[in-house]
């Protein structure tokens, strides 16, 4: 009888990428990411309706949207450890269910408080999405494919963001925002049921009882006190937040103001950044696998992304076709930020991959949570409280001033990556 590897990690890594069930599991995790980004960006296409319905200023709208990130950020403190210790199937199924219920409640809210609570519920649920996907990718796929598979995470996520902009805006124009979000919430409940019925925690059927991995505070402390991990965390948050903020709340009204477009057409333009990231992430991940040089690629492409978003913000009189190119290039080059997860996996113990991913992922939520209301406050301050049809009005100059923080974030992310390069 041939020897059987005693190490369960080696067994898991032996699973071929052609394993159709592994691809199905990954597809369902991708579906959760798709759903997450619909929930994240939909306030951006109904800003006027929300401000009017709940009597909100720019800062108030920012705070309402940010409750999603408050919950997300808090949960990142524990979600990695939970997924490392307990059933990914059970926890993720429950998380999707919470998202669906929260969305249904939001669709029926008539006060800002209840809307904030339901938005908080969505944030709790979606906190599991990225970590679950990357943990599944680390378990079911070989290490040399991890950067490519993790890059496909962005493809799934950005597909959801694209749907949450122009297509969802079109559905809202037909049925109203409450009915449209009710349908979105019901879809989440269906996805939770599919996940529960389909996903297994382990791809290996074995009669051997492997020694369980013990996660204690000492092991977690190694992750939390690692300087490279903190540099990756800061880089990831600073690099990705500009896209999350632009696509999640303020990009759509900015484009409507600058180019005098309706919500659906503005959503189509903003969605090009998400399409770019969805295409760029797996391509740049595959390129980094081939070249074996992740950090220099991240420095180069993050710089190009910073230049692209600067042009979008500071040259608002661009022809639409040229603005479309820069929105797409902003997202495409930003796809390199996903390599931070590949580096994090490579420099840490595989048993702690959920904790590492959650740590890197938390900075984005933290920056989004403080920046969306901050931009709203800047807009309120610049506009002087001007009202048009009972809704706060912000000019092109107001948006240009308030959104200046986005290229600054990208510049700071480059400093983090240079510090990591010098250390390595």
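The values are calculated or read from the model by the stated rules, or taken from the named source; none is laboratory data. As the structure is a prediction and not an experimental result, all values here were calculated from the model. Please note: Cβ atoms are built from the backbone with ideal geometry, for glycine as well, and neighbour counts cover all protein chains shown.
Among the candidates 137, 132, single out the residue that is within 21 Å of residue 188 (Cβ to Cβ) and buried (at least 24 other Cβ atoms within 10 Å of the Cβ).
132
Return the only residue of 76, 11 being modelled with pLDDT under 90, crowded, with 16+ Cβ neighbours inside 10 Å and touching a helix residue (DSSP H, G or I) at 6+ places or on another chain (Cβ under 6 Å).
Residue meeting the stated conditions: 76.
Could you identify the single residue in 365, 358 that is within 25 Å of residue 61 (Cβ to Cβ), in contact with a helix residue (DSSP H, G or I) (Cβ under 8 Å, 6 or more places away or on another chain), surrounded by 24 or more Cβ atoms within 10 Å (Cβ to Cβ) and modelled with pLDDT under 80?
365
Anything in region 253-264 that is within 24 Å of the chain's Cα centre (by Cα) and at pLDDT below 85? List them, or say none.
Here is the first cut: in region 253-264, the ones within 24 Å of the chain's Cα centre (by Cα) are 253-256, 263-264.
Hits for region 253-264 are 263, 264.
For the condition in contact (Cβ under 8 Å) with a residue 24 or more places away in the chain, assigned to a helix (DSSP H, G or I) and out of contact with any helix residue (DSSP H, G or I) (no Cβ under 7 Å at 6 or more places or on another chain), what is the one hit in 411, 374?
Only one candidate qualifies: 374.
Go through the residues of region 311-328 one by one and say whether even a single one is under 20 Å from residue 416 (Cβ atoms), assigned to a helix (DSSP H, G or I) and more than 20 Å from the chain's Cα centre (by Cα).
no
Six or more apart or on different chains, Cβ under 9 Å: which pairs go from a residue in region 140-166 that's at pLDDT 70 or above to one that's buried (at least 23 other Cβ atoms within 10 Å of the Cβ) and in a loop (DSSP other than H, G, I, E, B)? Could you list them?
149/141
Only one of these conditions is not met by residue 292: (1) surrounded by 17 or more Cβ atoms within 10 Å (Cβ to Cβ); (2) on the phi > 0 side of the Ramachandran plot. Which number is it?
Evaluating residue 292 over (1) surrounded by 17 or more Cβ atoms within 10 Å (Cβ to Cβ); (2) on the phi > 0 side of the Ramachandran plot leaves (1) as the failure.
With respect to the numbered conditions (1) touching a helix residue (DSSP H, G or I) at 6+ places or on another chain (Cβ under 7 Å); (2) without any contact (Cβ under 8 Å) to a residue 40 or more places away in the chain; (3) farther than 15 Å from residue 40 by Cβ, which one is the sole condition not fulfilled by residue 86?
Only one criterion is unmet by residue 86, namely (1).
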